[in-house]
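Taking it in order: structure first as structure tokens, then the write-up.
The numbers here are math on the coordinates, done by the rules we state, and not lab data. Note that this is a predicted model, so its numbers are computed, not measured. All Cβ positions, even for glycine, are placed from backbone atoms using ideal geometry, and neighbour counts span all protein chains on display.
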Amino acid sequence: MLRQRRFEEENYHAIFNNGKTLRFAIDPSKPILPLRYPEIEDWAINTICLANCSWCYVSALKTGINFDNVVEKIQDYFGIISLNHRPTQIAIGGAGEPTMHPDFPEILKTTYDLQIMPNYTTNAMHLSDRVVDATIKYSGGAAISCHPHLKKVWTKGINILTEAGINTCLHIILGEPGSNDEFWRIYDSTKNIHYYVVLPYQAAGRAKKIDAEKEWDLFFKEALIRKPDDVSFGALFYDYFLRNRDIMAKLNMSQRCFRDTVFLMILINCLENQAMTYHQNLMIKHYEQFSSRRQSIFFKFI
């Protein structure tokens, strides 16, 4: 998929090509300003999940639901927005296990047909042939959550996706005791992974408050030694990096790069108080007002 986006007022011009975005300042002497229409959006299509993670920040449950008429809602809303205003990519996840939605393959196709590249996060428990085939045809890639109690599941999932030639990222939550060691064990024992995405533990949903920064300190101490080029960091590390600017400098990251999130993130995680509920009669002006405050937004298709 090849697309261009251009916003004169924001001094922004971008070329998107199959998951990679090149960004240019129209006037190189001036900065690129925050976008009213973001590059990346996080979509939730259900609240059901069977993983039962004790640290789930959205409190997804096996008694959750799949939202109705998601395909129609995507068509009705994004179909009336100009191509220049549509995001280049979306991440499906956000509130549940997306591959459990019965319309998931059609959701991927519908999004792709609107020239928006769909990606998704999964616990790998439901990677059926139907889901994998749709991922090959219509998705830019998938991220597997590497939860310790599901190791056999996500190990199998990695094999399924990588053998199918799908761009596969791994999401690894950093914060609980031993999670730093577990990250590097996963990193050293897996192959054909597009990116290893480190996500900070969040004390939200079912997750209890812990001293997560001890593990973060250990991780970045090792990362500064190894300096891997296939590791990405969740946007919620932003405050941590502001308190540890030496790490940002040594890893060659800019504050702006992290603030805008879209320049660094593979898949975005949003807190509940940043969420936006989707209604079929949502007006474009509401979309503009919300997205002007951040470079990525979160839709629930309820």
What order do you get for Arg86, Arg36 when you list them from fewest to most C-beta neighbours inside 10 Å?
Arg36, Arg86
Go through Lys20/Lys62; Lys109/Lys227; Lys20/Lys156; Lys20/Lys191; Lys109/Lys191; Lys152/Lys250 and tell me which ones have a Cα-Cα distance over 30 Å in this structure.
Lys20/Lys62; Lys109/Lys227; Lys152/Lys250
Segment Asn11-Asn69, length gained on full extension (0.36 nm per residue, minus Cα span)
17.2 nm
Compute the separation of the alpha-carbon centres of the stretch 28-69 and the stretch 169-215 and state it in Å as a whole number.
19
Filter the trypsin sites (Lys or Arg not before Pro) in the stretch 138-225 to those in DSSP coil with at most 16 other Cβ atoms within 10 Å of their Cβ, and list the result.
Lys191, Arg206, Lys208, Lys209
Per-residue HN-Hα couplings for the stretch 50-56, Karplus 6.51 cos²θ - 1.76 cosθ + 1.60 at θ = phi - 60°, whole Hz, x for Gly and Pro?
9, 6, 6, 6, 5, 9, 4
Between the modelled labels at His149 and Asn192 (7 Å from Cα along Cα→Cβ) the distance in nm is 3.0
Relative exposure of Glu176, Glu9, judged by other C-beta atoms within 10 Å (fewest first)
Glu9, Glu176
Which whole-Hz couplings ³J(HN,Hα) result when phi for each residue of the stretch 169-183 is put into the Karplus expression 6.51 cos²θ - 1.76 cosθ + 1.60, θ = phi - 60°, listed in order with x for Gly and Pro?
10, 10, 9, 10, 7, 10, x, 6, x, x, 5, 5, 4, 5, 4
Arrange Trp216, Trp43 by Cβ neighbour counts within 10 Å, fewest through most, would you?
Trp216, Trp43
